[in-house]
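A short reminder: the numbers here are calculations on the coordinates, not readings from a lab. Note that this is a predicted model, so its numbers are computed, not measured. Positions of Cβ are backbone-derived with ideal geometry, glycine not excepted, and every protein chain shown enters the neighbour counts.
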Amino acid sequence: MKTREKRIRNEWWDEECKEAISKKNTARNKCLQTRTTANQEQYTQARKEANKTCKEKKKQWLNNMLKQIEEAHKQNETKFFKDIRTFQNDSSPPIFTCKDGNGTLNLDKQEVLDRWKKYFADLMKMDKMIAEQTQEESFKEIEIEIEQPTYKEVSDIIIKLKENKAPGTDNIPAELIKCGDIY
């Protein structure tokens with residue numbers, strides 16, 4: 001199966017791609033042997049050309065495959081869904097393992113499902129508990145006693161205000177407060 005998939009997925013690879021990649025590899029080896037800016041530029045250019053060539057070939061192949069699949073669908077051929085499946089990348093099966101509360105690995109599918117069920121049930125209980133706590137806390141009035149600032153504290157703060165700054169949300173500039181006759 002893998003060889004067929006590999007063959008199908010690499011049908012776009014041709015001599016032009018091989019040649020571009022070999023040029024890139026040659027330029028890379030030359031760049032690694034003697035590090036000059038000219039060699040670096042040649043390698044960069046060869047790499048860009050190789051990437052461009054391979055991308056174009058793959059894009060052309062993909063477009064041709066999609067056109068063929070579309071034509072097969074229009075003609076009501078039964079291989080339509082089989083052809084669609086060739087583009088899916090589901091080569092590895094899902095893994096059904098999970099650690100239990102003690103840290104040992106469960107391989108049994110039913111045990112794994114039960115563990116996840118228990119985990120989410122516990123999670124939902126925690127969410128309920130948190131919601132109840134926040135609801136109870138919202139009904140409690142927290143009374144924190146803060147002393148009123150003294151006249152000296154307010155006047156010291158007003159003196160320390162910087163001028164030529166943008167006003168805050170109240171749109172009152174510091175200069176206006178300083179010019180006021182409060183302190």
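Values computed for the structure shown
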| read-out | value |
| --- | --- |
| Fully extended contour minus Cα-Cα distance, from W116 to N76, at 0.36 nm per residue | 10.1 nm |
| Rg(Cα) / (2.2 N^0.38 Å) computed for the chain, rounded to two decimals | 2.22 |
| Highest to lowest packing among 22-30, 113-121, scored as the average C-beta count within 10 Å | 22-30, 113-121 |
| Built amide H within the under 5 Å cut-off of N106, gap 5+ | C98, K99, D100 |
| Rotationally averaged projected area of the range 98-139 (alpha carbon convex hull; nm²) | 3.1 |
| Total formal charge among the other residues, if their Cβ is under 13 angstrom from that of M124, Lys/Arg +1 and Asp/Glu -1 | +1 |
| With Cα atoms, 0 to 90° folded angle of helix 15-33 axis to the chain main axis | 60 |
